[in-house]
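Single-structure report; data block below.
Nothing in this text is a laboratory measurement; each read-out follows from the coordinates by a stated rule. Keep in mind the model is a prediction, meaning the values are calculated, not measured. Glycine gets a Cβ as well: all are built from the backbone with ideal geometry, and neighbour counts include every protein chain shown.
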Amino acid sequence: MSNVAPFRRRAAGHPDLLAGRAGGMVVIALASQAGGTGRTMLAAHIAVQAGLTGDGPVGVLDADPKGALFQWWNRRQGKVDAPAFGAHCEAAGLAVTLEGMRVAGARLCVIDTAMGDAAALDPVAALADMVVIPSDAGDMDEAAALGRALSKQTTVAFVFNCRAHSGAEEGNALAAMSAGGGWPAGTVEHARAYAIAMTAGRSVTESDAGSYAAQDIVELWTNLRGILVAG
Ligand SMILES: Nc1ncnc2c1ncn2[C@@H]1O[C@H](COP(=O)(O)OP(=O)(O)OP(=O)(O)O)[C@@H](O)[C@H]1O
Ligand SMILES: [Mg+2]
C-alpha cells in the first residue's frame, strides 16, 4: 500500500457516500460467473472515477489470483496519486485486507474477484455494500441468476457491458437482467479505448476525457453512487 495524502472534495448536492454508515468505508465488489465480462476494467474505472468525484481516498483490492487489477494499480505508481491504496490477496484474506485498507484511511474500496458462482462469491458479497455484475447479451441469464442469489446478502447492480459489440437493445437487456432483483446501473459501450487505457495503467476518464467511453464511466459512477447513497 502506498501512503498518499487524502484528497476530499465536497460539492453542494453531492451527499457524502459514507453518510449514515458506521463502518467508515464503502466496499464495492465486481463479480460475474462468466470470464471476461469486464470486471477488472470496470473495477479500475470505478475506482478512478470515484476518486475524481471526491469519494477518495480509494483502495483497489484484487482478490483474483490472476492479479490483473493489482498489476494495473502498480503500473500507475509514481505517475498518479490515486487510487491511494492497492492490495492483492487470497479469498481467505479478504476481510483482514479490507480492514487494513479501512485503518489506512480508505473511504471506498473496490474489489475485483475471480469469476465464480453464487456459492464462491457469497463470502465476498457478505463483506460488500454493493456487488456490481457486468454482462453482455451472451451471459445475461447467468448474470441475472447470480444477482438474484447475491441480492440476499447485499445491494446488487447490473452493468450491460458491450465488450464484444455495439449493443442495440441495451435498455431492454439491462431491465431484463435486473427484473429478478438488483438495480440497472448503466451501459458501457464497446470501445477499444478501455483496453488501451488499462494497458497504460490509466482509465479512459484520464487518457480520453470527453470521449463517449469516458462519458459512460462518468454516468455509471453517478448511478452507482446514487444507489449507494440511497441505501
Ligand atoms: N466495453 C468494452 N469495450 C471493449 N473492450 C472491453 C470492454 N470491456 C472490457 N473489454 C475488454 O475485454 C477484455 C476482458 O475484460 P476484463 O479483463 O476487464 O474482464 P474480466 O471479467 O476481468 O476477465 P477475467 O475473467 O479474465 O478476469 C479486456 O481485454 C478488456 O479490455
Ligand atoms: Mg479480471
Residues meeting the amide H criterion for Val131 (H placed from the backbone, H to H distance under 5 Å, 5 or more places apart or on another chain) are Ala29, Thr155, Val156, Ala157
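Estimate the FRET efficiency between Asp117 and Ala230 by the formula 1/(1 + (r/R0)^6), using the beta-carbon distance for r and 30 Å for R0, to the nearest 0.05. Present the calculation step by step, with values, prior to reporting the outcome.
Details: r = 29 Å, r/R0 = 0.95.
Calculated transfer efficiency: 0.55.
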For the range 82-152, list log₁₀ I(q)/I(0) at each q in 0.22 Å⁻¹, using the Debye formula over Cα point scatterers of equal strength and ignoring solvent, two decimals each. -1.01
Dividing the helical contributions, -39500 (n - 2.57) per DSSP H run of n ≥ 4, by the residues of the chain yields a 222 nm value, nearest 500 deg cm²/dmol, of -12000 deg cm²/dmol
Formal net charge of residues neighbouring Leu30 (Cβ-Cβ distance under 9 Å; K, R +1; D, E -1): 0
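Tell me, what is a quarter of the convex hull surface for the C-alpha atoms of the range 137-231, in nm² with one decimal? All intermediate terms of the calculation are to be shown ahead of the outcome.
Values: hull surface 26.2 nm².
The Cα convex hull of the range 137-231, projected and averaged over all directions, gives 6.6 nm².
Name the longest site-free stretch of the chain, where the excluded sites are GluC sites (Glu not before Pro) in a DSSP loop with no more than 16 other beta-carbon atoms within 10 Å. Numbers along the way, then the final one.
Values: sites that count: Glu90, Glu169.
Result, exposed sites excluded: 1-89.
Count neighbours as other Cβ atoms within 10 Å of each site's Cβ, and list the trypsin sites (Lys or Arg not before Pro) in the range 120-195 that are DSSP loop with at most 14 such neighbours. Spell out each step's value before the answer.
On the way: sites: Arg148, Lys152, Arg163, Arg192; in loops: Lys152, Arg163, Arg192.
Sites meeting the loop and neighbour criteria: Lys152, Arg192.
Multiplying the sequence separation of Val103 and Ser211 by 0.36 nm and subtracting their Cα-Cα distance, what value in nm do you get?
Details: separation 108, 0.36 × 108 = 38.88 nm, distance 3.61 nm.
Computed gain between Val103 and Ser211 is 35.3 nm.
Under 14 Å from the Cβ of His88, count the other residues' Cβ atoms, weight Lys and Arg +1, Asp and Glu -1, and hand me the total. Each step should come with its number before you reach the end.
Numbers: positive: Lys66, Arg75; negative: Asp62, Asp64, Glu90, Asp112.
Value of the local net charge: -2.
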How high is the relative contact order of the chain? Use alpha-carbon pairs under 8 Å, at least six apart in sequence, and give a whole percent. 23
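For Ala92 and Asn172, calculate 0.36 nm times their separation in residues minus their Cα-Cα distance, and state this gained length in nm to one decimal.
Numbers: separation 80, 0.36 × 80 = 28.80 nm, distance 3.74 nm.
So the chain would gain 25.1 nm between Ala92 and Asn172.
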Once the other residues with Cβ under 11 Å from the Cβ of Arg202 are scored (Lys, Arg +1; Asp, Glu -1), what is the net sum? +1
Over the Cα atoms of the chain, what radius of gyration and what Dmax do you get, in Å? 16.0, 44
For Ala137 and Ile196, what does the FRET efficiency come to when R0 = 25 Å and r is the distance between their Cβ atoms, rounded to the nearest 0.05? 0.60
